[in-house]
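The values are calculated or read from the model by the stated rules, or taken from the named source; none is laboratory data. Treat the numbers as computed from the prediction; the structure is a model and nothing was measured. Glycine also receives a Cβ, built like all others from the backbone with ideal geometry; neighbour counts cover every protein chain displayed.
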Amino acid sequence: MLKLLFLAAAIAFSCATHAKVTVEYTKSHKLLAIVKVKGEIKYDDEIEFAKALETVYQRGYKLKLNAVVLNTKGGNVHAAQTMGRIIRERKLNTYVPADATCASACIYLLSGGLVRMAYGTVKVHRAIHAQDIPFDKLEKEYKTSEQRTNDYISEMGLSFLLAEAINSTPYWATRELEDLDKRRWGVHGTDRLYEETWFRKSARERGISMEVVYDYFNKHIAECSRRAREYEMTLWDCVFSKLP
């Protein structure tokens, strides 16, 4: 469960009809902030999201776990994908608490994280298309939408099986991802380049061999996975702290 301690302020960056992007500043000397996205994602919410992140950095704060916290049932696909790209461009992580939901278009925000911590409920389905699209253009619209999903999921480095699950699930239904699906498809996982780089950088910074890093990773993965779930540290930061 997400535990929020010593919160000094909570600022909403959008009106109640849009996704509520909030920033909570802790009293910790480490100057940590918690950015959360919840509610329905609507057109132009990506602008408010970018403003919230910029405000955090201008105040000299860093994101706790370097992560954006998600609890939303989705909404506008374009806004969600743009927000996901902002997350990836800024090399941020994403975190879905165990008691939260990331559904529909939220999958695009979640996918944007370098480290994706998806402990809550994750549901997907294909996009809803406007009712005023002529019947003779509907097939083309579906194909374009499916290709857009395929391209985005590929861009973020997740499995094509995730894109397939999104495209094959009707918009009037949802597919809840099992924990095994999350891990196999990269929904709960780490960007492959980030992971490989982490092992190499960790070995170099500590002046130890890669084999030692692997040993410590395997030794502490259970404890560090628990700390990540409890929103204390990422798996990678936790293991790094254990290295000799």
For region 43-56 the number of residues that are surrounded by fewer than 16 Cβ atoms within 10 Å (Cβ to Cβ) and either touching a Phe, Trp or Tyr at 6+ places or on another chain (Cβ under 7 Å) or closer than 14 Å to G75 by Cβ (or both) is 3
Scan of region 194-215 for residues that are out of contact with any Phe, Trp or Tyr (no Cβ under 8 Å at 6 or more places or on another chain), aliphatic (A, V, I, L, M) and without any contact (Cβ under 8 Å) to a residue 24 or more places away in the chain, ordered by number: A203
For K140, only one of the following conditions fails: (1) over 22 Å from the mean Cα position of the chain (by Cα); (2) at pLDDT 95 or above. What is its number? (2)
Is region 169-178 home to any residue that is under 27 Å from A80 (Cβ atoms), part of a helix (DSSP H, G or I), within 21 Å of the chain's Cα centre (by Cα) and assigned by TED's automatic domain parsing to the domain that holds V77? no
Candidates E205, E146 - the one that is surrounded by fewer than 12 Cβ atoms within 10 Å (Cβ to Cβ) and assigned to a helix (DSSP H, G or I): E205
If you check I153 against the conditions, is it out of contact with any strand residue (DSSP E or B) (no Cβ under 8 Å at 6 or more places or on another chain), in the same structural domain as K123 (by TED's automatic domain parsing) and under 27 Å from V35 (Cα atoms)? yes
Taking the conditions exactly as written (of a type in the set (A, V, I, L, M), assigned to a helix (DSSP H, G or I) and touching a residue at least 12 places away in the same chain (Cβ under 8 Å)), does A163 satisfy them or not? yes
Any chance you could count how many residues in region 210-236 are under 17 Å from the mean Cα position of the chain (by Cα) and closer than 19 Å to A98 by Cα? 9
Out of the residues in region 26-45 meeting the condition of being modelled with pLDDT of 95 or more and either among the hydroxyl-bearing types (S, T, Y) or closer than 13 Å to G60 by Cβ (or both), tell me which one is farthest from the chain's Cα centre (by Cα). L32
